[in-house]
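Student: Dumping the structure here so I can ask a few things about it.
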Amino acid sequence: MKDIELLISPDATVKDALRKLDKSAEKVLIVVDKQMKLMGALTDGDIRRSLLSGSDLNSSISRVYNNKPLYIFVEDFAFDTIKSLLLKHKVELLPVVEKDMTVADFITWDKVFTEKKEDTSEILKNCPVVVMAGGKGTRLEPFTKILPKPLIPIGDKPIIQVIVDKFKARGTEKFYFVVNYKGDMIQSYFNHIDDKYNIEYLWEKDFFGTAGCLKMMENRVEDDFFVSNCDVIIRAKYENILDFHKKEDAALTIVSAIQHYRIPYGVVDFKSGGDVVGVKEKPEYTFTVNTGLYILNKKALDYIPEGIVMDMTDLIAQLIKSDEKVITYPVNENEYIDIGQWEEYKKSVSKLKVIEE
């Protein structure tokens, strides 16, 4: 067995599984018992569904994983057979087992096919993307004193082009850029590069907030549309997020990320008066954070006042107050790349370099 990181015990917690998935390039874990016998398979989608249905991060994966996984016996190992199974069942990974169900190896899609599994998605063609490109980017000063944040480079492309290219590769055809600060530089860049995009520029005369500026979309969309901050990259399947949003008939979907934080110190727990109850040595906490990527239905625009500053958090609160459906679509930690601060920017450049290689 070449990669034991992809193996997990049926007694492990959802949090344990998330940690393993965050460290892996794959989106599937193989569930095995102490004798390495195949018990099942656990995907990031299985975890997402369990969390959305109310499961706790500390709960066992025993009720989450698929206990009837697809597999192939060692003696039946043949690339044509494997190819057929992967295509028919649309799975990312196939365990290879001995007759007694001991896991001997596994085969991934990438090892069998040289071409990409994914193709452009029809569902995204009529779903435009709004990129919030008008902010001043104060957290990335002094760089943004010269360049607008959307044009800060990630490798050989600016951030905003990386975001747009990821959507375009999946099938998105129409983009809207909300611009203000140094917006002419952004427009000039896209006018002078060889790659061509269908972009409409929405100019803010004043700063109306992350939701207030979306009022300009009222006569430009008929249904659902993505809204992306210009400092985040989400490496998930956008069509799956949109499909989830539509099936739930939501007014707004927040794409969230499960993040693990370890406090680098011992945390002192004490009562009033100073009596120490205990000390937790470098505790780790798990949170679900807002990534800055959303899907809005056109009806959400009815709750945005004309010419008034409104942030996305205010719009979300207003929708909830009005009994409109607001949901979240959680992604793994390694599917979320934040570039909005210097430390995160430096990490993201390294992370993307590894991904592209």
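Student: Scan [x] 34, 26, 21; [y] 38, 27, 21; [z] 33, 22, 19 for the value of semi-axes √(5λ) of the Cα gyration tensor in Å calculated from this model and give just the label.
Tutor: [y]
Student: Run the dipole for the chain about the Cα centre, Lys and Arg Cβ at +1, Asp and Glu Cβ at -1, nothing else charged, and hand back the magnitude in debye, nearest 20.
Tutor: It comes to approximately 260 debye.
Student: Now, a different point. Quick check: the distance between the Cα centres of the stretch 65-88 and the stretch 286-313, to the nearest angstrom?
Tutor: Each part reduced to its Cα centre gives a spacing of 43 Å.
Student: Just order 176-184, 257-265 by mean Cβ neighbour count inside 10 Å, highest at the front, would you?
Tutor: Packing proxy ranking, top to bottom: 176-184, 257-265.
Student: Oh, and also: Could you calculate the FRET efficiency of Val309 with Glu222 from 1/(1 + (r/R0)^6), where r is the beta carbon distance between them and R0 is 25 Å, rounded to 0.05?
Tutor: The formula returns an efficiency of 0.40 here.
Student: Could I ask something else about it? Where is the GNM fluctuation largest for the chain (alpha-carbon springs, 10 angstrom cutoff): Asp22, Asp156, Asp275?
Tutor: Of Asp22, Asp156, Asp275, the most mobile in the Gaussian network model is Asp275.
Student: Between Asn58, Asn126, Asn240, which gets the highest mean-square fluctuation from a Gaussian network model of the chain, Cα cutoff 10 Å?
Tutor: Of Asn58, Asn126, Asn240, the Gaussian network model singles out Asn58 as fluctuating most.
Student: Residue farthest toward the positive end of the dipole of the chain, with Cβ of Lys/Arg at +1 and Asp/Glu at -1: which of Pro148, Pro69, Ser84?
Tutor: Selected residue: Pro148.
Student: Right, here's the next one. For the stretch 199-232 and the stretch 1-44, what is the separation of their Cα centres, given in Å?
Tutor: Here the two parts' Cα centres lie 41 Å apart.
Student: Taking every DSSP beta bridge with both residues inside the chain, roughly what % is antiparallel (nearest 5)?
Tutor: Close to 65 percent.
Student: What are the chymotrypsin sites (Phe, Trp or Tyr not before Pro) within the stretch 43-83 that DSSP puts in a loop, where the Cβ has at most 15 other Cβ atoms within 10 Å?
Tutor: Phe77
Student: Under a GNM of the chain (C-alpha, springs under 10 Å), which listed residue has the highest mean-square fluctuation: Leu70, Leu242, Leu42?
Tutor: Looking only at Leu70, Leu242, Leu42, the biggest GNM fluctuation is shown by Leu70.
Values quoted throughout were computed directly from the atomic coordinates according to the rules given, and no laboratory measurement underlies them. Quantities reported herein were computed from a predicted structural model and do not represent experimental measurements. Virtual Cβ from ideal backbone geometry, glycine too; neighbours counted across all protein chains shown.
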